[in-house]
Amino acid sequence: MKFQILTLFPEFFSSFIQTGLISKAIQKSIIDIELIDVKIFSDKGRADDYPIGGGESMIISYTPLKKALQSLKKLGHVVCLSPQGEIWNFKKAKGFSTQYKTVTLICGRYGGIDLRLIQDFVHEEISIGDYVLNGGETASLVLIESCSRFLENFMKNRKSHQKDSFENSLLKSPQWTKPNSIEGHTIPKILLSGHHKKIKEFRYYSSLWLTYLKKPYLLEKKSLFLKDLFKAKNYLKQFSPLELKALGLKKEKADLVLIKKK
Ligand code: 6GU
């Protein structure tokens, strides 16, 4: 999968492309990241300007961005990263990674980009949440990394992404690592038993329960999970309230509200 990034700050990306799984994926040609410095395409030495009608925050101009886009051999699915866009999520990341071979990312500044450029070239506007960033650069990292995790061979373990949070709309079950005992904390004995079926059962029910406690909206439309939620409740009866709290499977404050079946 190829990502073409149009930005005023290409240097922003250097640690991202040199670190961890992303750098390995670049070496292995699983992903390709091309940085395009939009400043180069302006004759005034800067590619942003003040908004027409007045205002403080800078707007990226039409012409340098247009020239930058036209300098590319082949345009991909053109995305403008902006707080005005559709909110990015797991499903969109998976969709992008299967649908698009090349994604062209335009990183707007906080003030935005000239609307005419969006009208003429952009297929889709994406935001990573309802808050304001200085520019689309930070958001583009989120988009690239979340798409990459779906690509074959990106992760050592091919099935890792299937265990990721949100696959099947469930959060990941709680996790612990060695040492087994720290400062009097308890961890579920089942996980030490080596009994794979029981471990799987614990992980499924605890992940379902955790989703119910923390993000019940993920379960709302899934009748399959709603049925299992009652099973999970029964399953968790083997733990005392104190144990449940220790396992992170108990809500501390507000009472539980059962999800209404639609
Ligand atoms: Cl994609 N860009 C900016 N500037 N702010 C954001 C955003 C994007 N997503 C959330 N806030």
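Does the stretch 69-123 hold any residues that are of a type in the set (K, R), farther than 25 Å from S29 by Cα and outside any helix (DSSP H, G or I), and which are they? Outline the logic, then answer.
Here is the first cut: in the stretch 69-123, the ones of a type in the set (K, R) are 73-74, 91-92, 94, 101, 109, 116.
Now narrow it down to the ones that are farther than 25 Å from S29 by Cα: 109, 116.
Answer for the stretch 69-123, where residues must be of a type in the set (K, R), farther than 25 Å from S29 by Cα and outside any helix (DSSP H, G or I): just R109.
Among the residues of the stretch 45-53, is there at least one that is outside any loop (DSSP other than H, G, I, E, B), under 16 Å from V142 (Cβ atoms), touching a residue at least 60 places away in the same chain (Cβ under 8 Å) and not hydroxyl-bearing (S, T, Y)? Show your work before the answer.
So the first thing to find is which residues in the stretch 45-53 are outside any loop (DSSP other than H, G, I, E, B), and the list is 48-49.
With under 16 Å from V142 (Cβ atoms) added as a condition, the list becomes none.
Looking through the stretch 45-53, none of the residues is outside any loop (DSSP other than H, G, I, E, B), under 16 Å from V142 (Cβ atoms), touching a residue at least 60 places away in the same chain (Cβ under 8 Å) and not hydroxyl-bearing (S, T, Y).
Could you check the stretch 127-141 and list, in sequence order, the residues that are part of a helix (DSSP H, G or I) and near the ligand (Cβ under 6 Å from one of its atoms)?
To start, the set of residues in the stretch 127-141 that are part of a helix (DSSP H, G or I) comprises 136-141.
Within the stretch 127-141, G136, A139 meet the criteria.
Going by the conditions given, is K73 in contact with a Lys or Arg (Cβ under 7 Å, 6 or more places away or on another chain), loosely packed, with under 13 Cβ neighbours inside 10 Å and more than 20 Å from S14 (Cα to Cα)? Give the derivation first.
On the way: in contact with a Lys or Arg (Cβ under 7 Å, 6 or more places away or on another chain): no; loosely packed, with under 13 Cβ neighbours inside 10 Å: yes; more than 20 Å from S14 (Cα to Cα): yes.
Criteria not met by K73.
Would you point out which residue out of S82, S61 is hydroxyl-bearing (S, T, Y), more than 22 Å from E167 (Cα to Cα), more than 15 Å from the ligand (Cβ to nearest atom) and in the same structural domain as T19 (by TED's automatic domain parsing)?
Numbers: S82 fails: more than 15 Å from the ligand (Cβ to nearest atom).
The match here is S61.
Among the candidates I40, I22, I17, I36, which residue alone is at pLDDT 95 or above and either in contact with an Asp or Glu (Cβ under 9 Å, 6 or more places away or on another chain) or in a loop (DSSP other than H, G, I, E, B) (or both)? Can you show your working first?
Values: I40 fails: either in contact with an Asp or Glu (Cβ under 9 Å, 6 or more places away or on another chain) or in a loop (DSSP other than H, G, I, E, B) (or both); I17 fails: either in contact with an Asp or Glu (Cβ under 9 Å, 6 or more places away or on another chain) or in a loop (DSSP other than H, G, I, E, B) (or both); I36 fails: either in contact with an Asp or Glu (Cβ under 9 Å, 6 or more places away or on another chain) or in a loop (DSSP other than H, G, I, E, B) (or both).
That would be I22, the only listed residue that is at pLDDT 95 or above and either in contact with an Asp or Glu (Cβ under 9 Å, 6 or more places away or on another chain) or in a loop (DSSP other than H, G, I, E, B) (or both).
For the structure I just gave you, tell me whether I144 is part of a strand (DSSP E or B) and under 30 Å from H77 (Cα atoms). It would help to see each step written out before you state the result.
Working: part of a strand (DSSP E or B): no; under 30 Å from H77 (Cα atoms): yes.
Against the criterion (part of a strand (DSSP E or B) and under 30 Å from H77 (Cα atoms)), I144 does not qualify.
Suppose we keep only residues that are near the ligand (Cβ under 9 Å from one of its atoms) and crowded, with 20+ Cβ neighbours inside 10 Å within the stretch 89-111. Which one would you say is farthest from S146 (Cα to Cα)?
Taking the candidates together, the pick is R109.
In the same structural domain as A93 (by TED's automatic domain parsing), touching a residue at least 60 places away in the same chain (Cβ under 8 Å), outside any strand (DSSP E or B) and under 20 Å from the mean Cα position of the chain (by Cα), is that true of I30?
It is true that I30 is in the same structural domain as A93 (by TED's automatic domain parsing), touching a residue at least 60 places away in the same chain (Cβ under 8 Å), outside any strand (DSSP E or B) and under 20 Å from the mean Cα position of the chain (by Cα).
Of the residues D130, D114, only one is exposed (fewer than 13 other Cβ atoms within 10 Å of the Cβ), touching a residue at least 40 places away in the same chain (Cβ under 8 Å), assigned by TED's automatic domain parsing to the domain that holds S23 and of a type outside the set (V, I, T); which?
Step by step, each of D130, D114 is checked, and only D130 is exposed (fewer than 13 other Cβ atoms within 10 Å of the Cβ), touching a residue at least 40 places away in the same chain (Cβ under 8 Å), assigned by TED's automatic domain parsing to the domain that holds S23 and of a type outside the set (V, I, T).
Can S173 be described as part of a loop (DSSP other than H, G, I, E, B), surrounded by 16 or more Cβ atoms within 10 Å (Cβ to Cβ) and either outside the structural domain of S29 (by TED's automatic domain parsing) or at pLDDT 95 or above (or both)? Full working, then the answer.
Working: part of a loop (DSSP other than H, G, I, E, B): yes; surrounded by 16 or more Cβ atoms within 10 Å (Cβ to Cβ): yes; either outside the structural domain of S29 (by TED's automatic domain parsing) or at pLDDT 95 or above (or both): yes.
Against the criterion (part of a loop (DSSP other than H, G, I, E, B), surrounded by 16 or more Cβ atoms within 10 Å (Cβ to Cβ) and either outside the structural domain of S29 (by TED's automatic domain parsing) or at pLDDT 95 or above (or both)), S173 qualifies.
The values are calculated or read from the model by the stated rules, or taken from the named source; none is laboratory data. Everything numeric in this text was worked out from a predicted model, so none of it was measured. Every residue, glycine among them, receives a Cβ derived from its backbone with ideal geometry; neighbour counts consider all protein chains shown.
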